[in-house]
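What follows is a set of notes on a single structure, which appears directly below.
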2 protein chains.
Amino acid sequence: MSEYIEQNQTGTGIGKVEKQFFTFATHHRMKLESGDSLSHVTIAYETCGTLNKNKSNVILVLHALSGDSHMAGYYDFEDAKPGWWDIMVGPGKGIDTDRYFVICSNIIGSCAGSTGPSSINLETNKEYGTSFPFVTIGDMVEAQKALINHLNIKSILSLIGGSVGGMQVLEWCVRYPDMVQSAIPLATTTRHSALAIAFNEVARQAIMADPNWNQGHYYSEKKPDMGLAIARMIGHITYLSDESMRLKFGRKLQNKSALSFNFGAEFQVESYLQHQGNKFIERFDANSFLYITKAADYFDLAGQHGSNSLVKAFSKCKSKFLVISFTSDWLYPTYQSKEMVKAMKKNDLDVSFCEIDAQWGHDAFLLPSDRLDNLIRGFLRSVSNEG
Amino acid sequence: MSEYIEQNQTGTGIGKVEKQFFTFATHHRMKLESGDSLSHVTIAYETCGTLNKNKSNVILVLHALSGDSHMAGYYDFEDAKPGWWDIMVGPGKGIDTDRYFVICSNIIGSCAGSTGPSSINLETNKEYGTSFPFVTIGDMVEAQKALINHLNIKSILSLIGGSVGGMQVLEWCVRYPDMVQSAIPLATTTRHSALAIAFNEVARQAIMADPNWNQGHYYSEKKPDMGLAIARMIGHITYLSDESMRLKFGRKLQNKSALSFNFGAEFQVESYLQHQGNKFIERFDANSFLYITKAADYFDLAGQHGSNSLVKAFSKCKSKFLVISFTSDWLYPTYQSKEMVKAMKKNDLDVSFCEIDAQWGHDAFLLPSDRLDNLIRGFLRSVSNEG
């Protein structure tokens, strides 16, 4: 998720929605892929729309790295901005809440209500910090599965998510092939390239180099704000594209036409990045950034589910797929989507693939696009009519 | 310049060479483009080959961001590695020291012998730190011009440089059209894109966020090593390419086949970047990194010499050009080289352009390539035969 879309958001939301919570693993510990475990796992979630009698209209939206459960509408009518995917989720929108019951939950490891490193460890009564166990994309999916069980839902009409959310979509399809009727992985990959790992690693280094990070135990002290802001700036560059940055900023100066000859932000792109970094530290936890980027780097569908064969990884899948990539996304380029489509097709899965011509880079999946709306709307109609 | 090429260097150097020094502006101050000035400006330089009677065989090599004057051969025969462009400069090589007198000087603002922020300010007897004035690509060229005057050279057969070195090549041609017979700007641009500025800015932020940076006054204290290492890691990613990183690292783990579930470097690409960062802090000054990246961001040939018209900026040029770009260079993509070629051609300049098919990204200009060797060799022969 990115702040980049703010100015493009229409604000025509679904109205007031509510953050809800579900806690599990209170009597037994949740086993994690690392071999570690976690107890009292809380999931913050939001639902929009109405569950039908057959419970056949469930859509699960999976958020990206820095997202949260608040996907649409407003918590309070005075809120300045609606949920992060309000342009897509709502009455009559691409994901139509008049037709579907849409659920979005905050991933574990995050910091917006679900259990993560900034949560209180009930065993110590202190924040976990870096004593928080490593969580994988698979663990995130298992926590979502616990929520779905709790809601007594047996079948999901469609899973939709971009970026790290798309990884969760793919992981769901592979883990629970009988539960998932269809899936839309957007602007995502089945495993990070060395380039994507490299950017995440440098961002993590920036956080860990901040003396306030203090090995992850900073919750009663100053936070590693500088490090987290730099990490966010690095991330932001990878969400944009050469073309979008040229169109949006070019070499425009912030305040004046003459060069300042100092090290302050003077090009607009510098000021924009610093602004993004500074906004981010108000709402996000540095340790969560470390844990979630690591989970994304670890994600390897073929390695974890197919003995390094992507074809094998998808072999038990039954879902119908709509795979979408964006031409200017250089973080998860189209060739990576094509690899997954090829592997799906080798399993005779019903796959549609679309590369959307977009200049906005990886962030394109969060930006207003009639093309994207129509693709998602059409796909959901086709799978819901089949059901 | 990059350490990336080390393992590919042949080491068949020109033999022992010597670092020389020239100091000017001892009686008057050197005026800088910022309006500031500088006195006692020292230039460290190296020459290879022999100046002919007519002084008609002079080649000036301009180094990139983190380079130095030591372009070829060894300072000492026990040196582990030769100068940074030893694969190109030497007897019988692309830039043939049996034929040409080749000069390379360390840019001002840098830290390898030429005056920069880590130099002693004779007026205070302390290192300049951030009291060092801002220097531009134009100022770097003026300092080189002072050296060329000192060597009593009136005409340069060819200017050759990649990346920030290529910016100096272009600036020379525009400032001293009568002195420059030919020029080879490699993997460069006439002005940074917003993307290139963004990466430089985040790298600078990483340095300035390091508490040891201390507003640039750290020379008698701990240096901002963590910040500089992170800055270098960011830079390194931009010198490579998605393809080269996939081929070189992919998702290979450093030590073992199982995931470590900790925040240490475990993917090879992480360990490589950390290694590059750690090596860099031993040889480079953090303030120099700030000043030189800022000079590169400020560089704008059209803005500074053509009232925003690149055609106008080149209007007084007389040099013959060979412009070279590399397919996988996403820092200074081919379209940027094409823009300069187009503007040169509109001035009826004699321009050859070649986009070399290379998977190694921006760094390709420093890597062994028969194609690059032959292009440079052939071009230099043609211009020297004309002379």
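The values are calculated or read from the model by the stated rules, or taken from the named source; none is laboratory data. Everything numeric here is computed off the predicted structure, so don't read it as measured data. Because the Cβ atoms are built from the backbone with ideal geometry, glycine has one as well, and the counts that use them run over all protein chains shown.
Can you report the number of residues in region A:119-137 which are farther than 12 Å from A:G216 by Cβ, part of a loop (DSSP other than H, G, I, E, B) and within 22 Å of the chain's Cα centre (by Cα)?
Result for region A:119-137: 5.
In region B:347-372, which residues are in contact (Cβ under 8 Å) with a residue 24 or more places away in the chain, out of contact with any strand residue (DSSP E or B) (no Cβ under 9 Å at 6 or more places or on another chain) and either of a type in the set (G, A, S) or under 19 Å from B:S182 (Cβ atoms) (or both)?
If the condition is that a residue be in contact (Cβ under 8 Å) with a residue 24 or more places away in the chain, out of contact with any strand residue (DSSP E or B) (no Cβ under 9 Å at 6 or more places or on another chain) and either of a type in the set (G, A, S) or under 19 Å from B:S182 (Cβ atoms) (or both), then B:N347 is the only one that fits.
From B:N278, B:N255, grab the single residue that is of a type outside the set (K, R) and free of Cβ contacts under 8 Å to residues at least 40 places away in the same chain.
Being of a type outside the set (K, R) and free of Cβ contacts under 8 Å to residues at least 40 places away in the same chain holds for just one of B:N278, B:N255, which is B:N255.
Quick check: anything in region A:192-206 in contact (Cβ under 8 Å) with a residue 60 or more places away in the chain and more than 10 Å from chain B (Cβ to nearest Cβ)?
No: region A:192-206 contains no residue that is in contact (Cβ under 8 Å) with a residue 60 or more places away in the chain and more than 10 Å from chain B (Cβ to nearest Cβ).
Taking region A:168-192, which residues are among the polar types (S, T, N, Q) and either surrounded by fewer than 23 Cβ atoms within 10 Å (Cβ to Cβ) or over 18 Å from the mean Cα position of the chain (by Cα) (or both)?
Within region A:168-192, A:Q181, A:S182 qualify.
Within the bounds of region B:87-103, is there any residue that is surrounded by 19 or more Cβ atoms within 10 Å (Cβ to Cβ) and either under 17 Å from B:A143 (Cβ atoms) or modelled with pLDDT under 95 (or both)?
yes
Hey, can you tell me all the residues within region A:195-206 that are β-branched (V, I, T) and either surrounded by fewer than 24 Cβ atoms within 10 Å (Cβ to Cβ) or under 13 Å from B:A231 (Cα atoms) (or both)?
Across region A:195-206, the qualifying residue is only A:V202.
Are any of the residues in region A:211-226 within 7 Å of chain B (Cβ to nearest Cβ) and under 30 Å from A:E127 (Cβ atoms)?
yes
Just wondering, is there one or more residues in region B:36-56 that are within 14 Å of chain A (Cβ to nearest Cβ), over 30 Å from B:H236 (Cα atoms) and among the hydrophobic types (A, V, I, L, M, F, W, C)?
Among the residues of region B:36-56, at least one is within 14 Å of chain A (Cβ to nearest Cβ), over 30 Å from B:H236 (Cα atoms) and among the hydrophobic types (A, V, I, L, M, F, W, C), which makes the answer yes.
Would you pick out the residues in region A:319-365 that are surrounded by fewer than 23 Cβ atoms within 10 Å (Cβ to Cβ), away from every other protein chain (no Cβ under 14 Å) and polar (S, T, N, Q)?
Within region A:319-365, A:T327, A:N347, A:S352 meet the criteria.
May I ask you to say which residue of A:I103, A:I107 is within 29 Å of A:R371 (Cα to Cα), part of a strand (DSSP E or B) and β-branched (V, I, T)?
Only one candidate passes the filter, namely A:I103.
Among the residues of region A:326-346, which ones are among the hydrophobic types (A, V, I, L, M, F, W, C) and in contact with a His (Cβ under 8 Å, 6 or more places away or on another chain)?
Within region A:326-346, A:F326, A:W330, A:L331 meet the criteria.
Of all residues in region B:11-57, which are crowded, with 18+ Cβ neighbours inside 10 Å, part of a strand (DSSP E or B) and small (G, A, S)?
B:A44
Could you please find all residues in region A:58-82 being outside any strand (DSSP E or B) and under 13 Å from the mean Cα position of the chain (by Cα)?
Listed by number, the residues that qualify are A:H63, A:A64, A:L65, A:S66, A:G67, A:D68, A:S69, A:H70, A:M71.
Considering each of A:V174, A:V180, A:V164, A:V169 in turn, give the residue that is touching a residue at least 60 places away in the same chain (Cβ under 8 Å), touching a His at 6+ places or on another chain (Cβ under 6 Å) and at negative phi.
On inspection, the qualifying residue turns out to be A:V174.
With A:E266, A:E282, A:E243, A:E270 as the choices, which residue is more than 11 Å from chain B (Cβ to nearest Cβ) and of a type outside the set (S, T, N, Q)?
Step by step, each of A:E266, A:E282, A:E243, A:E270 is checked, and only A:E282 is more than 11 Å from chain B (Cβ to nearest Cβ) and of a type outside the set (S, T, N, Q).
Being on the phi < 0 side of the Ramachandran plot and without any contact (Cβ under 8 Å) to a residue 40 or more places away in the chain is true for just one of B:N106, B:N149, B:N125. Which residue is that?
B:N149
Looking at region B:315-339 only, could you name the residues that are over 14 Å from B:R191 (Cα atoms), aromatic (F, W, Y) and more than 18 Å from the chain's Cα centre (by Cα)?
Passing the criteria: only B:F321.
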